[in-house]
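Novice: Structure incoming, see below.
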Amino acid sequence: MNPRERFHAAMNHQPTDRVLIDYGKHIGSFHRNAYVKLREYLPDVPMHDGSKILDRMAQNVVLDQALCQRLGIDFRWIVPHWVGVTDVTIDGVPGYVDMWHTPHKWTDVGNYFAIHAQPLGKEDLTIADVNAFDWPPANNPAMFAGLREQAKQLSENTQYVVGGDGIKVGILQTSSQLRGYDKLFTDFALNPDLAHALLNKLSATINEMYYHYLKTIGEYIQVVVITDDQGTQNSLMVSPKMFRAFIKPYLKSQIETIKNTANVKVLMHCDGAIAPIIPDLIEIGVDILNPIQTVVKGLADTRALKEKFGKQICFHGSIDVQQVLPNATVEGVRKEVRKRIGDLGTDGGFILAPCHNINIDIPPANVVALFDTAQEKI
């Protein structure tokens, strides 16, 4: 089977010759330091020097075609350009301000950029302030320049699954970036009109961005990514009731916009202990759920997860980067990969990938063992 045949079968919950394998998106690639270590470990694979950055905030990298082929990756991703970014210095440290006017500051702990302040974080924020905010243009041609040609070339000249990587926005993640989690959640409880004013403006912007994105590449791709983390290690960030009141309607609108614009599957990246809202995500049209973090509450038993939801949604990820990949032996990694394929890959409906970015704490031998084992025939 070629990658698109595997994808079609897996999405229809049919068996495949081997599990689908994915990696190389802005949430799900190698940190540049880990990439350099992998380059040294695989000297026969032509790879760049780690300077081709995919995601500026996380400092992960664009994957070379030779590496994608070596690892058996079935997907090739079209990536929107970062626009509206201004380089700045914050407290004597390098930083930047993104298109949402949010400053990010370099941190040596982890070697990435962290959010430094919230542009709508003042205590006495009003609906008038929300309306007056300098919202980024939703149809910035620079964001999508050249993407149609990339997608067309991959669609017509390869057999890979062609995907549209996510625009770096999300209903909860961006509203909390603008407002601050503490103030946003207080608004949910005490000032719901203000919260909805913010979410409405943000939702309209996100929907229009995705509309123009898919008008650009939609006819050439099979899947598109949306991102919006809803969980911590042990719980949802807000109660299911608040999720359904403040987040779910806007996610539903985003997915409807996407599916009304292009014939694509929607892959949602949603970190954390989100088991209580999986039925909600199925209801609003999520086709593929990532990352299935097996070390968080409610997601460790992947066999039970498959039995409960496996006919309604496809799963993506499941290989833990917090505990398993940094600490396991090579044989332990192989055992983990085979277990998750056995639990989640029965009768299709599964795409295997590391749960998140691979950082320098993960040995290259474990990385190679992961992808080599995933390429075994079922």
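The values are calculated or read from the model by the stated rules, or taken from the named source; none is laboratory data. Please read these numbers as outputs of a predicted model, since none were measured by experiment. Positions of Cβ are backbone-derived with ideal geometry, glycine not excepted, and every protein chain shown enters the neighbour counts.
Novice: From the list Phe133, Phe144, which residue is farther than 30 Å from Asp22 by Cβ, in contact with a helix residue (DSSP H, G or I) (Cβ under 9 Å, 6 or more places away or on another chain) and of a type outside the set (D, E, K, R)?
Specialist: Being farther than 30 Å from Asp22 by Cβ, in contact with a helix residue (DSSP H, G or I) (Cβ under 9 Å, 6 or more places away or on another chain) and of a type outside the set (D, E, K, R) holds for just one of Phe133, Phe144, which is Phe133.
Novice: Then there's this: In this structure, is Val333 more than 30 Å from Leu202 (Cβ to Cβ) and in contact with a Leu (Cβ under 9 Å, 6 or more places away or on another chain)?
Specialist: So Val333 fits the description; yes.
Novice: Also, I was wondering about something else. Within the stretch 271-303, count every residue that is among the β-branched types (Val, Ile, Thr), touching an Asp or Glu at 6+ places or on another chain (Cβ under 7 Å) and under 16 Å from Cys314 (Cβ atoms).
Specialist: Qualifying residue count for the region: 1.
Novice: So which of Ser155, Ser175 is of a type in the set (Ser, Thr, Tyr), under 19 Å from the mean Cα position of the chain (by Cα) and under 30 Å from Lys265 (Cα atoms)?
Specialist: Result: Ser175 is the single residue among Ser155, Ser175 that is of a type in the set (Ser, Thr, Tyr), under 19 Å from the mean Cα position of the chain (by Cα) and under 30 Å from Lys265 (Cα atoms).
Novice: Gly298: over 18 Å from the mean Cα position of the chain (by Cα), in a loop (DSSP other than H, G, I, E, B) and at pLDDT 95 or above, yes or no?
Specialist: yes
Novice: Could you please give the count of residues in the stretch 256-274 that are crowded, with 21+ Cβ neighbours inside 10 Å and assigned to a helix (DSSP H, G or I)?
Specialist: 1
Novice: Being in contact with a strand residue (DSSP E or B) (Cβ under 6 Å, 6 or more places away or on another chain), assigned to a loop (DSSP other than H, G, I, E, B), touching a residue at least 12 places away in the same chain (Cβ under 8 Å) and of a type outside the set (Phe, Trp, Tyr) is the requirement here; does Val286 meet it?
Specialist: Answer is yes for this residue.
Novice: Additional query: Please go through the stretch 63-102 and give me each residue that is surrounded by fewer than 18 Cβ atoms within 10 Å (Cβ to Cβ) and of a type in the set (Val, Ile, Thr), ordered by number.
Specialist: Within the stretch 63-102, Val83, Val85, Thr86, Val88, Thr89, Ile90, Val93 qualify.
Novice: Kindly establish whether Ile284 is crowded, with 21+ Cβ neighbours inside 10 Å and at pLDDT 95 or above.
Specialist: Criteria not met by Ile284.
Novice: Follow-up. Would you mind stating whether Leu305 is out of contact with any Pro (no Cβ under 6 Å at 6 or more places or on another chain), crowded, with 19+ Cβ neighbours inside 10 Å, closer than 30 Å to His212 by Cβ and among the hydrophobic types (A, V, I, L, M, F, W, C)?
Specialist: The answer is no for Leu305.
Novice: With Glu336, Glu331 as the choices, which residue is in contact with a helix residue (DSSP H, G or I) (Cβ under 7 Å, 6 or more places away or on another chain), charged (D, E, K, R) and farther than 24 Å from His8 by Cα?
Specialist: Result: Glu336 is the single residue among Glu336, Glu331 that is in contact with a helix residue (DSSP H, G or I) (Cβ under 7 Å, 6 or more places away or on another chain), charged (D, E, K, R) and farther than 24 Å from His8 by Cα.
Novice: Would you confirm, using the coordinates I've provided, whether Lys306 is among the basic types (Lys, Arg), part of a helix (DSSP H, G or I) and closer than 24 Å to Glu5 by Cβ?
Specialist: yes
Novice: Among the helices (runs of 4 or more DSSP H) lying completely within the stretch 113-228, list those that include at least 1 residues that are among the hydroxyl-bearing types (Ser, Thr, Tyr) and either loosely packed, with under 14 Cβ neighbours inside 10 Å or modelled with pLDDT of 95 or more (or both).
Specialist: Filter on the stretch 113-228 gives 147-157, 171-179, 181-190, 192-217.
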